[in-house]
Each structure stands twice: as structure tokens, then as C-alpha cells.
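The structure appears right after this line, and notes come after that.
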Amino acid sequence: MPTEGGRVRDALVPAVQRLPELLYRGPNERDRPLTAASSGAPRVCGHDREPFEDGEIAWGADVIHPADRETAWLDVQRAVDAGEEYDVTYRIVTANDETRWVRDRGEGLDDGTLSGYVEDVTRLKEREERLATELDETFERVSDAFFALDDEWRFTYVNERAATVLDRDAEELLGAGVRAAFENGDAFRRQYERAMATQEPVTFTAHYEPLDAHFEVSAYPSETGLSVYFRDVSERVERERRLECHEAIVETVWDGVYAVDGDDRFTLVNDAYCDLLGVEREDVLGRPAVDVVGDGITSEARRFTEEMRANEREEATISFAIERDGETRQVEVRFGPFTDGGRVGVLRDVTERRDRRRQLRRQRERLRGLVELYDVASDVSNAVVEQTTRPDIEERVVEELTDGPYAAAWIGRTAGTDVTCVASVGSSVAPEPDDAFVRTAVREGRVVTTESAGDGVSRANARSDGGDGASAGAVPISYEGGTYGVLVVCAERRDAFREAERTVLNRLGRTVGHAFAALDRRAALVSDHVVQVEYRSREPASFSMESDAGRFRFERTVATGEDEYVHYVRVYGVDRADALAAFADASTYESTRVVEEGDEGGVLIETRSADAPITSVVTSHGGRLRSVSLGSDGARLTAEFPQGVDLRTATESIRDELPDAELVAQRSVVREGDIEAPRADAVGRLTDRQRAAFEAAYYGGYFEWPRDSTAEELANAMDVSAPTFHQHLRAAERKLLGEFAE
């Protein structure tokens, strides 16, 4: 009676026999003999089951393809030795000598046999190979480099592009570890490991030092490995780096930089451009240029650009004005064409540059005018020496000045602050004698111009404005504190009288004043008759002396230079100490010393001062102050003037210094011991320094014996060195004595 197990086995046998696979069992030997085979054997290998079971043929020795026998055997043994099921795919040769692919799966049993089944997978293998071929072709057609890694970081596929980029052989890379393939590729490996760990794709760009190249990489992970696409983007990275550098440069330059496309729409502007025009970047980019800078500028720029494209011009510059922060700014744009039909340009604020150019142009004009004025001043100085009368000098001066830098010039003589024009040349727009700024120049003894009329003079009162671009200056003609008149010049430039020009004109005024003074002195010397006048003042405050300190007689005042005077004063009624104390108490005087002390002649004092107003006033009218006496009853002044002097004007000038001065005597006298004309000429030929040295020596007792003063003392009084004093004195002696010796 059959058992339950036998019934089940008998029931399964028909089902097993109908399976397409070959079920087998056999000893675990290299030739793989089969002791049992199913009826699927013919369907798999073309051999019936009986030859296997009878031992006529062996699976390993007769059916497995000779090229795969060893590999198949080793793969089966590795699994059996590990106590695992084996699953091996290999080729077989059928009874009809046809090569087919089979899949052999089974296990090793405890009794030393192998039990499993073999199925025909030829179609599946062919399909797999066809898909692999198509995949290879696809990967090879991909422009990006591609490789695949398994879960042990070994290369399983490398396309041709990847091998070329990596400069490696594809066959050499297959099966190799990625760490060995990518030397110094830590940045890449970290990204691959992150992708595998997170199972998330990663995309990055990194520099690969061995190849000195930048790669853009996309890595896609799976449970079995990693697929990596990469491309060499070194040129793009370098281009982007240069672009960033250019953008940084564009943003850091102080000038405005812009670019427009072929449709005249802005594609680039830097911050400086926006700041210059007072616009926001986002409001400019993409907008038509005509909306930002106007149609006129845009049309002109477009026309110039086309001319440059046609090689009709090399460069283009457009200047225009803009309003910014409530002020008008001058800007300049230089531009050129782009290859894409647009243009690029640089916008610059040239306001300060133009101002500097105008300033330099004005400075050059002033310099030319100043050089010309120096030349004219030198010519005038030489010319006045040659003239023998005051009218001749006046005519020559105005002629020289109008031949030079000035459009008009005139000279006026003064009586107090009244001015009378006596010589003129040039335009009728020159200032009138009664103009306020002319009076100011006379009153204050300084150069006054229409530009500086604000210094106490209303510009509206200066009618000498002369219209746009004209200016005028009034120059006092003075010498040693005396004013002989005023020189007025008119220029066709508004800024013709800056400090340097005023300095030259001031010196010119003193030169002419010196010439007038020399003429007056010569006239006084050669004249037989002089007008002798005497004034009295009860409050001689200008002398700074106390009337009860003694009686003072100013015997001589010597002008040693500009604002420098040496006085020789005889003091009566006091001793030496009191005489010195009288001058020490007066702040006006300094460097006081006793020159001579007589028993009855009083004490002769030498003292210095920076001002001698009475002396200057008398000298300015061609006169000579003979003596000044100070006592308890006030001051008495004696002066001599040449015949023909305007005594009324001279008296008014003296009263400017001594308001209570009273003219108590006036007489025409014949001077005793008249100087002959040649001798007078000799005195007139003395320079100011020579005359000052001679008079200081004479009144200081240098020619007495024993000498009342040494040369060193006189030199100190004149504030010069002793050798210089000797030089001036010897020259004066030679000129004066020469008239008697020759």
C-alpha cells in the first residue's frame, strides 16, 4: 500500500517532467556528471536525459562551453564552500553545436552532491547584450563625460569622452577603484560619498589640480552604485572669472560706464553712471537710452557709432550739461561700437576739469599781462629819467602804459582829495577823476581797483566798471609819504589787477613819485628865490614830546628808506640824561643817542622813527623843512618851497597832521650863498641812499674833529652795515667834490 509521501511524489513527477528547465542531481566533481536529469534536458541542451544518467556524457566536460568551464566551476565552488546557493550564468554547446546561454542555480548537499536546475536564458542574454550595446552607444553619443561606480567605488563603465578628459585608458579604469583613479580628488570624493549617503543627487563645480581644469559634475546615486556625468568647464570658469574681474573694475572706476544693445536699450550701467545722472540701476537696465539721456544725445550717438563702423571716424565724444543736486554739471561721454550692434561708453563729470582749464587760461592771460606790465614798468622807469619836466613825465607814462597792457590811462594832480586830470590816452570808458575809488586811492595811499571797491567803496559808485570784462585801477603817485597825484589805468579784463599786478603798479607809482620829487628838489636847489613860510601849533601831538621837558629844535630829518627816518634834534634847557629820557618816554622814537653835548648849545640827539609826517608833507610839495622848534608855547615850523608852489594846498596838507597849524609868516627870500646850477645838478644826481648818508654824516658831526659820531653809529642809525654806509658816503663825496675839482 503506497505511503502518503509516495503519493505526493508520484503526483509531482508528471509536473516536474513538463518543466522547461533541466532539473539535475550529481556528484560535486569538476566534470559535473549527472545521476538524475529531468525531461527538460532536450529543451535546454538537445541531449536526452538517458545519456547523462547512463554516464555517457557529463554536463561539465561535454556541455559547458570550453571557454566558460573553468569560470563556471570556480563560481559554483565558491558558493558551495561558503554554504550558499550558487547562481551562475554561462554558455553551453548543444547537441546541434549551437552556443546558448543558460542560468545554473542550485546548492551543495550534505552527501557531496549538487542539486539544481538549468534554464535557457539565451533570449534574455541577447536582449541584455543588445540593451548594453544600445546603452554604450547612447553613453558614447553623450557629449558629457560619463562613468559608473558600483557600491564598492569601482568603475563599471567609462565612456570614451570620460577617458579622453581624464587622459586615461577606459579598459584600464574598468574595475579600478575611484580613489586610485582620482589622485588629489578629495573634493570630488566627498561629494560622491555625500550623494551615496543621502541617496540624493549632487551637482557641483570643482578644480581638479592634476589636470589643472575645472569640472562641472552631476552625480546620481542608487543602491548599487553611482552614475556620474561631468564636463570640462575651465573656459567657462575663466570667462566668468574675467567677467567678474571686469565687473569689479567697472564698479570701482570713478567714471560712469554703460552699454546699450542694438535696440538702444541699456544692458549695463555701473554705480558711477547712475550717480552722475541721479538714477537707479533697476530703473535704467532694459530701458531705451532716449528715455534716460534724451533723443538729441541718443540720435547723435547712434550717428557717430555708424560712422565709426564705416571707418569714417576713429572716436566719438559728446558733451552736454545735466542738472544734479540743484546745480548744472558739465559731462562728457566717449563711446565706441560693439560687435553685436550696440555700443559701450564712458561718462565723465568734466565740470572741474573745464573750470581748471578756464582758470589756467586766465592764469596764462594774467601771466602774459604781468610780463608785459613788468616790461612797460621798466620802460616807464627808464623814460621818466630822461624827461626834464613834470608834464613830459606825465605824457610819457600814459603813452607807455596804453602801448602796453592797458586800454586807457590818465594822470591826475591832487589838491587834498580833489583830482584834476592833466594827461590822458585811450578809451572814454576810463574812470572819471571824481570816482569814489579814485578818491579812496588818493586818501588811503594804496592801489584801489574796481574789483576791490568793496574795501570801503561801493561798487555802484565805481562808474569805471567799463562794461563786461573791463576793470580799472587807481594808483597813488607818492614818495617819502608825499602824494603828487594819481595814475588811473583801465584794462579790458575783469581780473587784470590781482596782487602781483597791484604790486608792480604800486612800485610804478613810487617811481613816478620819486621822479616828481627829484624835479621839485632840483627846482628848489637851482632857484634863487624860495618861499619861506612859518607855521605855529599849540598842540603838536604828532611829535610825541612833552613841552615841559625842555625846548626842542629839529635841525634835520633824513629819510634813510621807506618808513625809516633819522632825526637830529637839539635839546635846550635840560642835561644829557633828561634829554635822553624825553625821547625814551616817547614811543615814537627808538635807538636814541647823544651826538654832541655843548656848554651853551644844548644837547644834540640822534634818534630814529618809522614816521615823520610833517617832513613827508613838506617834501611831497617839493619843499624842505628847515627847522621845527618845540617849547612850552607849542611848535614852530619853518619850511621853504620853490616859487610857484600851491601854498594853499601845502598848508592844507600840513593841517592834516597839525589841525591847529596857523600860517604866521610868508615871505619870498633870496637864499644866501646860492648854489650854482652845476653844483645843484650834482646834488640832484645823488641817490636817496647817498643823500641820506651824506646828510646823516653832516648833521651827525662825522666831519667834525674830533668826530661827534663814528661811521658805525651812523650806519646803525640808518640800519645798514658800516661798509655800506661808507660806500654811499664816498659816492656822495665824489659827486659833490667833483664839481669843484673839475
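No value in this document is a laboratory result; all are computed from the given coordinates. All of these numbers come straight from a predicted model, not from anything done at the bench. Neighbour counts are summed over all protein chains in view; Cβ atoms, including those assigned to glycine, are modelled from backbone coordinates with ideal geometry.
Quickly work out the T122-to-A67 label distance, labels modelled 7 Å from Cα along the C-beta direction, and quote it in nm with one decimal.
Placing both labels 7 Å along Cα→Cβ, they lie 1.6 nm apart.
Whole Å is fine, so just give me how far the alpha carbon centre of the stretch 61-80 lies from that of the stretch 312-344.
Comparing the Cα centres of the stretch 61-80 and the stretch 312-344, I get a distance of 85 Å.
Over the stretch 34-179, how many percent of alpha carbon pairs lie in each 5 Å bin up to the one with the longest distance?
All Cα pairs considered, the percentages come to 2, 8, 14, 15, 15, 12, 10, 9, 7, 4, 2, 0.
Of all GluC sites (Glu not before Pro) in the stretch 566-611, which ones are in loop regions per DSSP and have a Cβ with at most 14 other Cβ atoms within 10 Å?
E600
What FRET efficiency comes out for the pair S299/T203, r = Cβ-Cβ distance, R0 = 41 Å, nearest 0.05?
Calculated transfer efficiency: 0.30.
Could you pull out which residues in the stretch 271-298 have an amide N less than 11 Å from a spot 7 Å beyond the Cα of F320, following the Cα-Cβ vector?
Only 289-298 pass the distance filter.
When the convex hull of the C-alpha atoms of the stretch 157-246 is computed, what volume per residue in Å³ does it have?
Residue-normalised Cα hull volume stands at 99 Å³.
About the Cα centre of the stretch 11-115, how large is the charge dipole given +1 on each Lys and Arg Cβ and -1 on each Asp and Glu Cβ? Please answer in debye to the nearest 20.
Dipole about the Cα centre, nearest 20: 360 debye.
What is the extension gain from S218 to R105, computed as 0.36 nm multiplied by their sequence separation minus the C-alpha to C-alpha distance, in nm to one decimal?
36.8 nm is the gain from fully extending S218 to R105.
To the nearest 20 debye, what is the magnitude of the charge dipole of the stretch 273-349 about its Cα centre, counting +1 on the Cβ of each Lys and Arg and -1 on the Cβ of each Asp and Glu?
Computed about the Cα centre, the dipole is about 220 debye.
What ranking, highest mean first, results for peptides 311-317, 646-652 when packing means the other Cβ atoms within 10 Å averaged over each residue?
646-652, 311-317
Using 0.36 nm times the number of residues separating R538 and R576, minus their current alpha carbon distance, what extension gain do you get?
11.1 nm
What is the magnitude of the charge dipole of the stretch 142-236 about its Cα centre, with +1 placed on the Cβ of each Lys and Arg, -1 on the Cβ of each Asp and Glu, and no other charges, expressed in debye to the nearest 20?
220 debye
Please sort 718-725, 579-586 by packing, taking for each peptide the average over its residues of neighbouring beta carbons within 10 angstrom, highest first.
Top of the packing list down: 579-586, 718-725.
Could you point to the residue in T94, A82, F52 farthest towards the positive end of the stretch 16-125's charge dipole, with +1 and -1 charges on the Cβ of Lys/Arg and Asp/Glu respectively?
Result: T94.
With a 10 Å radius around each residue's Cβ, average the other Cβ atoms per peptide and rank 227-236, 511-520, highest first.
511-520, 227-236
Suppose a student asked you for the relative contact order of the stretch 592-670, using Cα pairs under 8 Å spaced at least 6 residues apart; what percent would you report?
Reported as a whole number, the value is 19 percent.
For an R0 of 35 angstrom, estimate the FRET efficiency from the Cβ-Cβ distance between S627 and D719 and round to the nearest 0.05.
Plugging the Cβ-Cβ distance into 1/(1 + (r/R0)^6) gives 0.90.
Before anything else, pin down the relative contact order of the stretch 16-125: Cα pairs under 8 Å, at least 6 apart, normalised by residue count, whole percent.
About 26 percent, as a whole number.
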